[in-house]
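Report on the structure given below.
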Amino acid sequence: MLRALGISRNAKEHIASSAQDRIVIINESIEVEYALAAMDAVLDGQLDEANTLLDREDSVFNRIATGVLHFIEATVGFEPEAIQQAITSLAASESYASKMKSQAQKTGLITSAFRPGAEYEMAELESSLLGAISMLLTESKIEILKALYRIRKTYLALEELRKHVNNVDKANSKPGDTADISSKSSAESRRNSTTSTEPRTGTDKVAWEKFTSIHNQRTARSSTPTTDITPSDTIEEYLRSGVETMSGLLHLILSSVPPNIARLLSVVGLHGDREVAMDLLWTSSTGYHNIHGSLALIALIMFFDGQLMYKDIKLSQEEEDVISDKYATVKKGKTTAQLTPRELQRTKERLLVALEEQRTYYPHGVLWLLQQGRLVTHDDLARGVRILESDECGPNQMRQVEGLLMFDRTLFLLTLNKLEEAADEFIKLMDVSTWSHPLYMYMAGACYLELYRASDNKESEEAKAYKDKARTYFSRAPKVGGKKKVLGRKMPFDTFVLRKVEAMQKAAAKYGLDLVDAVGPSPVYEALYFWNGPSRMEPETAACCCERLKYSKNALLAESPKDKFTRELLESIYMRRAGMEKEGFEKIQNLVQEVVKGDIANGKKVTYTAQGEPWAGAAALYERAIYEWTEFGQSHAKQVRRWLTLSKDWSEDYELSTRINMKITSAEDRLDIYRL
């Protein structure tokens, strides 16, 4: 039976039968406890405490914890030095874990309910996967190719390990047990193979007491602390939560790639299953208060965030309830497009509850404050900003997380039209984050430009100060970076900023104007569109934006056809949010006639003509789809999809295309949720 399930024992495998064996298991569990405690300190924003725990002595679990810390720093900040440090430390962790796995398999000592060395195997695979993801963030195409090979290798090994864990759980489950055996087998059954680690000698007792003390310290913050814990339980916690989270992440990544890439990956045996990903990540995020459960929760938040904040296509509560009731009993998977509106709302509530728990468990963790603030802003922008401005977490020791929090808070200040505060924050970001210095300088200049344009008296000292600052920061933007790459490509916003400033400088030189007077449509309200600012705005704020957008039409520099198209497109976007739908609809109808021609109704013989900014043509078609919904509702869902397809099929790649494509995907997912 066991052999059929793939969990048969070889001749060398044995449970702890001597004091030496027992000490080996207890000491290993102590190292796991220290590593998990260090990761808890990281998640709680206590970097000094984490480093103290990691500096104590060398072990596989110490190394993987160090690698995960560097991985978090790399993926949060995208700094080349941090990325390389993550790659290096995770490679060292992988190599050491592989060595220890081989030794454990040779000795055959059973340390948990699973095969000898399974915990080291998990550490090896975790190091490999996170290392591969880090390699994808480099500028090197060779590193990216190596990463894809690693992902394939890790995928196959993770699937085999997950199968082993599931088989053991099934074998250990009691008849009629309806619990989720994929994550929690019977505690009694687990202990059947590990009771021999109970302390029997003085040496055993000392080691056991040390283990118990460290475990109790790590779990002291829990509202439901564990009792009757064994060293094998700690090893299994790491192994189970690791398998669920890493497998879930890998399936989520592979199931999220575009269809054409997915087909190529399937040729080499890589198949992502979205439903498997959701099951694993939800199980881990709700089942474990450790680094793996936390990573799983962050992955879920990132996955659902786009749909949860999407507001361009929306039915009334009553209409959504009708859909939810109609499809409540229909068998479906776990992707956002397969949920009902009510299930999507419950998902949001579930994530908010999970974040509240994380904030209680990690009270100093700014990372959780950031995630909570982001989710809250979807429905209450002012409250979200208050959360991000609070200092209840105390001093933050993770600079990269502080940079993220400050950046998000700054974008929300922009959305509230608090331009002077936003400008100050962009300037401060120069000292906190290295993500995109050209963007920070450009946006600071854009804020001051808008303040200058809004001044009633352009000759006042205040207006002159705004103009000087706008000129200074626009001029500085190209000089502070712009060479960083992710996935071998330049940062999209860096490319955007450098092109925009170059166009300003050329126009100023050509027409003999001050740089500030050579700027076209509002850079603030243009950039804010890509960060979903209009959908979060109050109608009166959007109406103010519409008024300010008129400035470039009457500026010193005569408006070019390109600038006119871009300005009118932005006006139509903000008009929709301001409640000026009829005027905005008329504008967008005129604009799309300039960018697409042919048999639009059937999508045949369609030709595209770029107008305005590089992103503007495709964006105009997307906005035309949204106006179709705004004007006619669900009865025109087919026409909405047709305009979305036209936008998606734009004839060539363009600047910031990812941002527009994210809007299109969210719109299509929302129509799927509405079954339209």
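The values are calculated or read from the model by the stated rules, or taken from the named source; none is laboratory data. Here the structure is a predicted model, which means the values were calculated and not measured. Virtual Cβ from ideal backbone geometry, glycine too; neighbours counted across all protein chains shown. With ligands, DNA and RNA removed, areas are computed over all heavy atoms of the protein, side chains included. Shrake-Rupley method; radii C 1.70, N 1.55, O 1.52, S 1.80 Å.
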ask   = Any idea what the relative contact order of the chain is, in percent, if you count C-alpha pairs under 8 Å spaced at least 6 apart?
value = 11
remark   = Rounded to the nearest whole number, the Stokes-Einstein translational diffusion coefficient of segment 597-676 at 10 °C and 1.306 mPa s (Kirkwood radius, C-alpha pairs) in µm²/s is 124
request  = Name all residues of segment 607-631 having a backbone nitrogen under 18 Å from the label point set 7 Å from the Cα of K597 along its Cα→Cβ direction, giving them as ranges.
outcome  = 607-612, 617-618, 621
task = Starting from the Cα of A454, step 7 Å toward the Cβ, then list every residue of segment 533-548 with an amide N under 13 Å from that point.
result = 541-548
remark   = Taking R0 as 41 Å and r as the Cβ-Cβ distance between M302 and N216, the FRET efficiency 1/(1 + (r/R0)^6), rounded to the nearest 0.05, comes to 0.80
inquiry  = What three numbers, in Å, describe the spread of the alpha carbons of segment 49-151 along their principal axes, ordered from the longest?
reply    = 43, 35, 18
Accessible area of the chain divided out per residue, in Å², using a probe of 1.4 angstrom = 43
key: Å³ per residue enclosed by the Cα convex hull of segment 296-425   = 122
query = Does anyone have the angle between helix 202-219 and the longest principal axis of the chain? Alpha-carbon axes, 0 to 90°, nearest 10?
reply = 20
inquiry  = For segment 386-445, which trypsin sites (Lys or Arg not before Pro) pass both filters: DSSP loop (anything but H, G, I, E, B) and at most 16 other C-beta atoms within 10 Å?
reply    = K418
inquiry  = Multiplying the sequence separation of Q103 and S223 by 0.36 nm and subtracting their Cα-Cα distance, what value in nm do you get?
reply    = 39.4 nm
request  = Would you grab the residues whose amide H sits under 5 Å from the one on V606? Only those 5+ places off in sequence or on another chain, please, with H modelled 1.01 Å from N.
outcome  = D599
request  = Starting from the Cα-Cα distance between E389 and A92, subtract it from 0.36 nm times their residue separation and give me the gain in nm to one decimal.
outcome  = 103.0 nm
query = Under the rule of -39500 (n - 2.57) per DSSP H run of 4 or more residues, summed and divided by the residues of the chain, what mean residue ellipticity at 222 nm is obtained, to the nearest 500 deg cm²/dmol?
reply = -22500 deg cm²/dmol
task = Please report the relative contact order for segment 574-619, taking Cα pairs under 8 Å with a sequence separation of at least 6, and give it as a percent rounded to a whole number.
result = 23
ask   = Percent of accessible area on segment 357-451 owned by carbon and sulfur, 1.4 Å probe?
value = 49
request  = Past 20 Å, Cα to Cα, is the threshold; run K418/K663; K418/K506; K418/K467; K506/K564; K314/K663 against it and keep the listed order.
outcome  = K418/K663; K418/K506
remark   = Taking R0 as 56 Å and r as the Cβ-Cβ distance between S256 and Q20, the FRET efficiency 1/(1 + (r/R0)^6), rounded to the nearest 0.05, comes to 0.70
ask   = Using only the Cα atoms of segment 421-535, what do you get for the radius of gyration and for Dmax, in Å?
value = 14.2, 47
query = On full extension of the chain, what length is gained from K605 through A382, given 0.36 nm per residue of separation minus the C-alpha to C-alpha distance?
reply = 75.6 nm
ask   = For segment 475-566, how big is the tail of P(r) above 16 Å, as a whole percent of Cα pairs?
value = 63
ask   = Modelled label-to-label distance, D514 and E583, 7 Å Cα→beta-carbon offset: nm?
value = 2.9
key: Tail beyond 17 Å, pair distance distribution of segment 379-447 (Cα, percent)   = 40
inquiry  = Give me the net charge for the shell around I323: Cβ to Cβ below 12 angstrom, other residues only, Lys and Arg +1, Asp and Glu -1.
reply    = -3
Two-site label geometry, V353 and K170: point separation in nm, points 7 Å out along Cα→Cβ = 3.0
task = Give, in whole angstrom and from largest to smallest, the semi-axes √(5λ) of the equivalent ellipsoid of segment 104-161, with λ running over the eigenvalues of the Cα gyration tensor.
result = 29, 10, 8
message = Can you give me the distance in nm between label points at Q505 and E631, each placed 7 Å from the Cα along the Cα-to-Cβ direction?
response = 4.3
request  = Would you kindly give the portion of the calculated P(r) for the chain that falls above 47 Å, as a percent of all Cα pairs?
outcome  = 24
ask   = Okay, which of segment 614-630 sit inside 13 Å, backbone N to the point 7 Å along the Cα-Cβ direction of S560?
value = 614
task = Go ahead and run the numbers for FRET between M430 and R641, Cβ-Cβ distance against an R0 of 51 Å, rounding to 0.05.
result = 0.75
